[in-house]
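Visitor: First the structure, then my questions, so here it is.
The values are calculated or read from the model by the stated rules, or taken from the named source; none is laboratory data. No experiment lies behind these values; they were computed from the predicted model shown. Cβ placement follows ideal geometry from the backbone for every residue including glycine, while neighbour counts extend to all protein chains displayed. Just so you know, the surface numbers come from the protein's heavy atoms only, side chains and all, with ligands and any DNA or RNA stripped out. Shrake-Rupley method; radii C 1.70, N 1.55, O 1.52, S 1.80 Å.
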Amino acid sequence: MSDHPSPRAAELGVPAGYYDYPVVKRPVWTWEVPAYFWLGGLAGGAFLVSSAAELFGTDEDRLVARDGFVVAAAAALPCAPLLIKDLGNPQRFHHMLRIFKPLSPMNLGAWTLAAFTPVTLARAAAEAGRAGLLPGPLAAVARLLPRPLMNAAGSVLGAVLAGYSGVLLGATNIPLWAKSKLLGGVFMASAASSGVAAVMMAAARRRAPEKTLHKLSRLGTLATLGELAVLGAFLKQSGRAADPLVKNAFSVPFWAGAVGLGSLVPLVLEQVAGRRTGKFTRSLLTVSAVCSIAGSFCLRWTIFEAGKESAGDQAASFGLSRRTQA
Amino acid sequence: MIDAYRRFMNIEAPPAPQRPKGFFTDTSLCIGCKACEVACKQWNQLPADGNELSGNSYDNTGALGATTWRHVQFVEQAKANNSRVGQRWLMMSDVCKHCANAACLEACPTGALVRTEFGSVYVQQDICNGCGYCVPACPFGVIDRAPKDGHFEAGRAHKCTLCYDRQKDGLEPACAKACPTDSIQFGDIEELQAKARRRLADLRARGETSARLYGMPESTEAAEVGHLNAFFLLLDRPEVYNLPEVPRLPRKTMAQRYAISAVVGLAFAALSAVAFGRRSG
Amino acid sequence: MEMNGYTVRDGKQVADFAALKDDGSTACGVWIYSGVFPGEGQNMARRRNKGDGWISPEWGFAWPGNRRMLYNRASADPQGRPWSERKKYVWWDAAQHKWTGYDRPDFPDTKAPDTPGQEEGVGVDAHSGSDPFTLKADGRAWLFAPSGLKDGPLPTHYEPLESPVKNPVYRRQDSPIAKRFSRKDNPISAPGDPRFPYLATTYRVTEQYTSGSMSRWSSWLSELMPEMFAEISPELAAEKGIKNRDWIVVSSARGEIECRALVTRRLRPFQLNGALIHEIGLPYHWGYKGLVKGAMANDLVPLSEEPNVYIQEDKAFTCNIRKGRL
Ligand code: SF4
Ligand code: SF4
């Protein structure tokens with residue numbers, strides 16, 4: 001060892017970090033993951049809304065709820081295949097369920113999905129049976145299914161499915177996902193607004209009663225406003241880590257898709273629709289719902305991809321792990 | 001009960017824990033020969049990652065990854081004004097830290113990642129289904145999934161095993177064996193820690209005032225991930241070596257995250273109930 | 001065993017090379033290793049003797065005869081007393097009538113400092129007790145070498161065959177007896193030739209072995225040093241508008257090659273006769289076959305032979321560089 005102590009980085013005036021190599025690894029996941037989060041959230045949200053409509057609503061509202069359960073089942077169905085497709089070794093998907101380890105959000109999510117999917121399918125089957133869409137013996141079985149129990153179980157599972165995905169991403173060391181603790185809230189809110197939108201879309205097309213449509217539209221507005229509020233707080237807390245989302249690579253799909261299409265357009269359309277009735281209003285609300293659903297995908301996808309970008313941001317990683325947060 | 005189940009399922013009892021073993025990597029001794037990197041690849045039969053000149057000093061392999069489990073950094077730094085005063089070349093052989101609280105292990109949904117009887121963190125290749133969750137969980141960017149279309153153990157997570165196979169046979173890991181300067185030392189973790197403290201005191205006494213240990217039980221970086229079973233003696237701030245100042249353990253904030261998510265969910269449930277309340281509309 | 005040497009009659013290992021005879025009664029593979037297996041079951045290389053002191057901490061064996069420093073008798077004056085008390089190493093112990101010290105004396109053990117040389121003696125017997133250089137005919141070190149060296153009798157300074165500057169010591173620029181191969185394809189540029197203003201030197205990196213013809217076939221070594229490069233200082237890079245990793249062409253009077261630039265402050269321009277002269281560093285491990293290929297630094301080197309041992313002069317010659325490719 002020399003007699004001269006080596007100079008420190010600070011004395012040399014060089015920036016921290018090893019060249020520009022990232023501190024953390026870029027996540028290996030691809031589009032299947034945000035697609036699954038989106039559909040899972042939508043299914044959970046739709047199931048919850050439908051259950052609420054059935055439990056608290058009028059007879060008219062209940063009619064809409066029936067469609068809602070079918071929508072939820074339809075959205076839940078592709079979730080497992082998407083999740084499996086993204087695995088490095090899809091033929092080992094069942095290893096997810098070889099242990100129960102809620103400490104791992106991924107494990108918790110796998111169990112939740114494994115439980116939610118049959119519940120929502122059964123619930124949809126019950127509706128199909130009621131609507132006379134099932135052949136005799138099947139319809140008899142479907143009628144036996146305990147609806148309130150399924151509603152309760154499905155609502156809890158659906159809520160977990162809608163809410164865990166943001167926690168899953170947050171419980172990592174990826175700057176954009178982990179910096180703020182609100183990502184779970186953002187995804188939950190987005191699941192809510194898209195869930196409402198999905199039910200509303202079905203309702204508007206199936207000539208549901210105007211009153212119920214208005215209820216859904218108002219609920220959608222509230223959910224969207226809530227989503228914007230949580231999202232705003234999330235972006236504020238994320239700071240520099242959110243650069244790839246709000247400034248760089250994914251800013252266009254984020255602002256135009258997730259915020260503009262997914263939130264602002266539906267808000268305006270729902271305002272315009274107001275208490276009005278008629279075919280035009282139904283069309284307005286259908287468009288609003290489609291925008292909201294599409295925007296919800298944009299939100300998941302942009303946050304997911306921008307998070308992968310932020311993994312390459314060495315300074316953001318250091319910011320995440322400093323005692324004194326910069 | 002459990003024993004009967006084990007017998008019935010033909011499950012082996014896990015090996016009895018031993019005194020934890022680990023690495024002390026003393027970067028002040030490293031000469032950058034990369035013998036460790038090659039010895040590791042050879043013993044573990046890991047493929048090369050590609051042949052490209054990085055332009056970053058003599059480091060052309062860049063970082064740890066699915067098929068690079070030891071990696072030697074060349075921190076070549078000087079003042080920006082081209083004076084050669086204070087110019088330095090720090091070498092550091094990086095490796096999986098085998099964290100006491102390992103983020104990768106906690107994230108793993110299949111139980112493929114386990115703590116071995118030697119205290120190291122190990123990926124069971126017959127269990128891992130390549131979900132990829134350990135990859136972003138690790139605060140050090142160590143573990144990675146091999147490409148799904150690659151030739152090497154495709155689609156599964158890989159990282160340093162602390163030469164579990166060699167340890168089973170009472171051998172030291174290949175990198176420590178190959179290191180000609182003893183920059184990489186392998187042994188009983190408590191003994192290594194004591195050795196490291198002595199070495200640090202010695203270096204400090206000789207004027208290396210910015211030398212420090214990274215990953216000791218008492219140091220700040222252990223706040224969340226605990227002590228590191230592969231710890232380091234560094235000659236500058238951790239960030240100079242791309243090491244986080246206080247590596248985060250995702251579990252620490254998980255309850256809050258779930259709570260926030262639950263609050264939003266409950267709020268929505270309440271809103272829906274109100275929206276459909278019989279009196280409304 | 002063969003290396004260590006043995007007595008032919010009974011196959012017993014010899015204790016060290018002093019026991020070797022020139023009458024055929026002993027055999028030895030290589031005399032410098034004699035003594036590494038000094039007896040049945042003994043292996044000096046396996047020895048870990050902490051008591052060896054500072055000269056050989058825990059080091060098993062050094063040839064010849066486990067001596068750490070050759071000609072170590074020179075650390076004592078003609079009378080056998082250490083030249084310096086602080087640096088004493090081996091010395092004559094008059095009381096025991098033998099050489100002693102920290103190292104094993106590289107001298108006949110009991111030959112007193114005042115022993116006269118024998119006029120007709122064979123080998124070291126011809127040396128006196130104050131002639132430490134036992135492998136030289138007269139037992140002395142030479143500054144003045146009247147025989148043996150082709151370019152004796154005294155050391156002097158010549159510039160390399162190619163140099164950017166004039167010899168500052170003599171009018172004679174370079175060695176008059178270096179062997180040049182004066183052919184059309186092996187020109188030597190004149191001192192200060194403006195076409196080749198820079199110095200070039202060649203060297204190895206740790207990761208490849210000599211010309212690389214063996215190591216370039218190992219993927220593990222190839223990935224560590226994958227491409228031919230030329231190291232240049234930031235000053236020269238700025239002057240030539242070259243960025244790190246840019247392709248550059250390096251040319252000499254004999255040829256030109258293309259490779260990547262590696263800009264590093266490890267190279268420092270020289271101040272020679274008041275002028276700033278840049279140096280370019282070239283590793284020479286690449287060729288046209290192997291897992292990694294690249295240009296050969298030897299294409300630039302002048303073919304020449306140093307007069308004593310015929311090494312070509314590839315540590316200093318002149319060159320030029322430009323940005324771009326061939
Ligand atoms: S360094 Fe990363 S991969 Fe290694 S044990 Fe810790 S969390 Fe796991
Ligand atoms: S083998 Fe030892 S000295 Fe060589 S690069 Fe690795 S740690 Fe450094």
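Visitor: Output yes when any residue across segment B:22-44 is under 30 Å from C:Ser219 (Cβ atoms) and away from ligand 2 (no atom under 16 Å from the Cβ), and no when none is.
Guide: No, because not a single residue in segment B:22-44 is under 30 Å from C:Ser219 (Cβ atoms) and away from ligand 2 (no atom under 16 Å from the Cβ).
Visitor: Would you mention how many residues in segment B:44-92 are more than 16 Å from ligand 1 (Cβ to nearest atom) and within 24 Å of A:Ala10 (Cα to Cα)?
Guide: 25
Visitor: Has segment B:109-116 got at least one residue that is within 14 Å of B:Ile143 (Cα to Cα), assigned to a loop (DSSP other than H, G, I, E, B) and in contact (Cβ under 8 Å) with a residue 12 or more places away in the chain? Talk me through it step by step, then tell me what you get.
Guide: Within segment B:109-116, the subset within 14 Å of B:Ile143 (Cα to Cα) is B:112-114.
This time we only want the ones that are assigned to a loop (DSSP other than H, G, I, E, B), so: B:112.
After this cut, where a residue has to be in contact (Cβ under 8 Å) with a residue 12 or more places away in the chain as well, the list is B:112.
For segment B:109-116, residues within 14 Å of B:Ile143 (Cα to Cα), assigned to a loop (DSSP other than H, G, I, E, B) and in contact (Cβ under 8 Å) with a residue 12 or more places away in the chain: present.
Visitor: Is it the case, given these coordinates, that B:Gly50 is modelled with pLDDT of 95 or more, under 27 Å from B:Pro139 (Cα atoms) and of a type outside the set (Ser, Thr, Tyr)?
Guide: no
Visitor: State whether one or more residues within segment B:143-156 are closer than 26 Å to A:Val23 by Cβ, in contact with a helix residue (DSSP H, G or I) (Cβ under 9 Å, 6 or more places away or on another chain), more than 16 Å from ligand 2 (Cβ to nearest atom) and open to solvent by less than 10 Å² (accessible area, probe 1.4 Å).
Guide: Yes.
Visitor: Inspect segment C:290-304 for any residue being assigned to a strand (DSSP E or B) and either β-branched (Val, Ile, Thr) or open to solvent by 40 Å² or more (accessible area, probe 1.4 Å) (or both) and give the result as yes or no.
Guide: no
Visitor: Could we say that C:Pro197 is surrounded by 21 or more Cβ atoms within 10 Å (Cβ to Cβ) and in contact (Cβ under 8 Å) with a residue 40 or more places away in the chain here?
Guide: No; evaluated as a whole, the condition is false for this residue.
Visitor: Starting from segment A:222-250, keep only residues that are open to solvent by less than 30 Å² (accessible area, probe 1.4 Å), then list their pairs with residues that are modelled with pLDDT of 95 or more and assigned to a loop (DSSP other than H, G, I, E, B) whose Cβ atoms are within a distance under 7 Å, requiring at least 6 positions of separation or different chains.
Guide: A:Val230/A:Leu182; A:Phe234/A:Ser180; A:Phe234/A:Leu182; A:Ser238/A:Lys179; A:Ser238/A:Ser180; A:Ala241/A:Lys179; A:Pro244/A:Phe250
Visitor: Right, next: From C:Tyr89, C:Tyr102, which residue is open to solvent by less than 50 Å² (accessible area, probe 1.4 Å) and closer than 21 Å to C:Pro64 by Cβ? If you could, list the steps in order and put the result at the bottom.
Guide: Numbers: C:Tyr102 fails: open to solvent by less than 50 Å² (accessible area, probe 1.4 Å).
Within the list C:Tyr89, C:Tyr102, the selection yields C:Tyr89.
Visitor: Regarding B:Gly170, is this residue without any contact (Cβ under 8 Å) to a residue 40 or more places away in the chain and under 20 Å from B:Ala48 (Cα atoms)?
Guide: no
Visitor: Can you name every residue in segment B:222-238 that is within 20 Å of B:Ala102 (Cα to Cα), open to solvent by less than 10 Å² (accessible area, probe 1.4 Å) and either of a type in the set (Phe, Trp, Tyr) or in contact with a helix residue (DSSP H, G or I) (Cβ under 8 Å, 6 or more places away or on another chain) (or both)?
Guide: Within segment B:222-238, B:Val225, B:Leu228, B:Asn229, B:Phe231, B:Phe232 meet the criteria.
Visitor: Hey, can you tell me all the residues within segment A:157-171 that are in a helix (DSSP H, G or I) and open to solvent by less than 10 Å² (accessible area, probe 1.4 Å)?
Guide: A:Gly158, A:Leu161, A:Ala162, A:Gly163, A:Tyr164, A:Ser165, A:Gly166, A:Val167, A:Leu168, A:Leu169, A:Gly170
Visitor: Out of the strands (runs of 3 or more DSSP E) lying entirely within segment B:147-264, which hold 1 or more residues that are within 15 Å of ligand 1 (Cβ to nearest atom) and away from chain A (no Cβ under 14 Å)?
Guide: Fully inside segment B:147-264 and qualifying: B:230-234.
Visitor: Looking at (1) β-branched (Val, Ile, Thr); (2) open to solvent by less than 10 Å² (accessible area, probe 1.4 Å); (3) without any contact (Cβ under 8 Å) to a residue 60 or more places away in the chain, which one does A:Ile174 not meet, given that it meets all the others?
Guide: (3)
Visitor: Scan A:Gly166, A:Gly195, A:Gly232, A:Gly158 and give me the residue that is touching a Phe, Trp or Tyr at 6+ places or on another chain (Cβ under 8 Å), under 17 Å from A:Ala306 (Cα atoms) and modelled with pLDDT of 95 or more.
Guide: Matching residue, one of A:Gly166, A:Gly195, A:Gly232, A:Gly158: A:Gly166.
Visitor: When only residues in segment B:95-110 that are more than 8 Å from ligand 1 (Cβ to nearest atom) and over 22 Å from A:Gly88 (Cβ atoms) count, which is least open to solvent (accessible area, probe 1.4 Å)?
Guide: B:Val95
Visitor: Just to be sure I understand, how many residues within segment B:178-224 are within 15 Å of ligand 2 (Cβ to nearest atom), polar (S, T, N, Q) and within 21 Å of the chain's Cα centre (by Cα)?
Guide: Counting residues in segment B:178-224 that are within 15 Å of ligand 2 (Cβ to nearest atom), polar (S, T, N, Q) and within 21 Å of the chain's Cα centre (by Cα) gives 2.
Visitor: Let me ask you something else. Collect the residues in segment A:56-108 that are part of a helix (DSSP H, G or I) and more than 24 Å from the chain's Cα centre (by Cα), keeping them in residue-number order.
Guide: If the condition is that a residue be part of a helix (DSSP H, G or I) and more than 24 Å from the chain's Cα centre (by Cα), then A:Phe56, A:Asp59, A:Glu60, A:Asp61, A:Arg62, A:Leu63, A:Gln91, A:Arg92, A:His95 are the ones that fit.
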